[in-house]
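Asks: Quick one: the structure is below, and I'll ask about it shortly.
The values are calculated or read from the model by the stated rules, or taken from the named source; none is laboratory data. A quick note: this is a predicted structure, and the numbers were derived from the prediction, not measured. Here the Cβ is made from the backbone with ideal geometry for all residues, glycine too, and neighbour counts use every protein chain on show.
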């Protein structure tokens, strides 16, 4: 069975974790993953693969929404899970004050290097912190955003509540989640969501028979439906303003890629245009669910 470029790169980066004993859903496991895979997560935003294109389009969509807010020049922004620092650097270059938070030293190092290269001295700072325990006062930021963070957390509601706490009344929260139903998987019999229990059962049986290698101790990621993420935002006291599904592909048949990246990118872009227009089915089955919400002025 062929796996996507993204998974293959992550697997290579995670080789050194194979002998590490830790709960696969622990924060320590997540941090170890990003420490080892930091170069991959930096390259993904510069690459010309379909996986890279999807991540780049998600960031471009988020930055476009932020631009549409017409925030004042004095606005103070917070990025949770700053990664390689692309978004933080871009917003700092636009003149905003930006705090970049991550819990992984390798990511903070990449962000610091990018900020230095962008010459954003005085407009951005890097802070080591966990999203569930942000060391910032209540009502501190005009905008808090977290792209690709919620899938790595066992308690996304706690994280979103922390984001809402540090957002000023009338401010904004922008987040993404990994969508639980993806068009590319629905179309592949061996990846279809309805067959997940069968795949799990067969995989467990093959491992017991020693016909399949044990699953590597990578951290679990979590997916959410559109309704689930909307509910999490509402429970945190946030009102959704706009949302969209982002990313279509890679397309496979029985686990094997059927489209080379150049064609896959064109198909992704066509489907993305349909999702942006809220066409039925397509607008529900992207890879990522991106949402902009606001903290109502009456909520403290």
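Asks: Touching a helix residue (DSSP H, G or I) at 6+ places or on another chain (Cβ under 7 Å) and either assigned to a helix (DSSP H, G or I) or over 25 Å from residue 133 (Cα atoms) (or both): does that describe residue 106?
Replies: Yes; evaluated as a whole, the condition is true for this residue.
Asks: On to the next question. Taking segment 42-54, which residues are assigned to a helix (DSSP H, G or I) and under 20 Å from residue 115 (Cβ atoms)?
Replies: 42, 43
Asks: Could you grab me the full set of residues in segment 83-98 that are more than 14 Å from residue 123 (Cβ to Cβ) and either in contact with a strand residue (DSSP E or B) (Cβ under 8 Å, 6 or more places away or on another chain) or outside any helix (DSSP H, G or I) (or both)?
Replies: Those that are more than 14 Å from residue 123 (Cβ to Cβ) and either in contact with a strand residue (DSSP E or B) (Cβ under 8 Å, 6 or more places away or on another chain) or outside any helix (DSSP H, G or I) (or both): 83, 84.
Asks: Quick check, is residue 115 assigned to a loop (DSSP other than H, G, I, E, B), more than 18 Å from the chain's Cα centre (by Cα) and crowded, with 18+ Cβ neighbours inside 10 Å?
Replies: Numbers: assigned to a loop (DSSP other than H, G, I, E, B): no; more than 18 Å from the chain's Cα centre (by Cα): yes; crowded, with 18+ Cβ neighbours inside 10 Å: yes.
No; evaluated as a whole, the condition is false for this residue.
Asks: Among the residues of segment 56-85 satisfying the criterion of being surrounded by 22 or more Cβ atoms within 10 Å (Cβ to Cβ) and free of Cβ contacts under 8 Å to residues at least 60 places away in the same chain, which is nearest to residue 129 (Cα to Cα)?
Replies: Per the criteria, the residue is 82.
Asks: Right, another one. Can you give me the number of residues within segment 231-258 that are out of contact with any strand residue (DSSP E or B) (no Cβ under 6 Å at 6 or more places or on another chain) and assigned to a helix (DSSP H, G or I)?
Replies: So the count comes out to 4.
Asks: Among (1) more than 22 Å from residue 223 (Cα to Cα); (2) at pLDDT below 95; (3) surrounded by 13 or more Cβ atoms within 10 Å (Cβ to Cβ), which single condition is residue 251 missing?
Replies: (1)
Asks: Scan segment 6-14 and give yes if some residue there is modelled with pLDDT of 50 or more and in contact with a helix residue (DSSP H, G or I) (Cβ under 8 Å, 6 or more places away or on another chain), otherwise no.
Replies: No; the residues of segment 6-14 include none that is modelled with pLDDT of 50 or more and in contact with a helix residue (DSSP H, G or I) (Cβ under 8 Å, 6 or more places away or on another chain).
Asks: Another question about this same structure. Residue by residue through segment 128-162, note down the ones that are surrounded by 15 or more Cβ atoms within 10 Å (Cβ to Cβ), in contact with a strand residue (DSSP E or B) (Cβ under 8 Å, 6 or more places away or on another chain) and not in a loop (DSSP other than H, G, I, E, B).
Replies: The answer is 131, 141, 142, 143, 144, 145, 146, 150, 151, 156, 159, 160.
Asks: Scan segment 188-205 and give yes if some residue there is surrounded by 12 or more Cβ atoms within 10 Å (Cβ to Cβ), touching a helix residue (DSSP H, G or I) at 6+ places or on another chain (Cβ under 7 Å) and at pLDDT 85 or above, otherwise no.
Replies: Within segment 188-205 (the criterion being surrounded by 12 or more Cβ atoms within 10 Å (Cβ to Cβ), touching a helix residue (DSSP H, G or I) at 6+ places or on another chain (Cβ under 7 Å) and at pLDDT 85 or above), the answer is no, since none of the residues qualifies.
Asks: Is there any pair linking a residue in segment 273-300 that is assigned to a loop (DSSP other than H, G, I, E, B) to one that is modelled with pLDDT under 95 and surrounded by fewer than 19 Cβ atoms within 10 Å (Cβ to Cβ), with Cβ under 6 Å and at least six apart or on different chains, and which?
Replies: Final answer for the pair search is 285/181.
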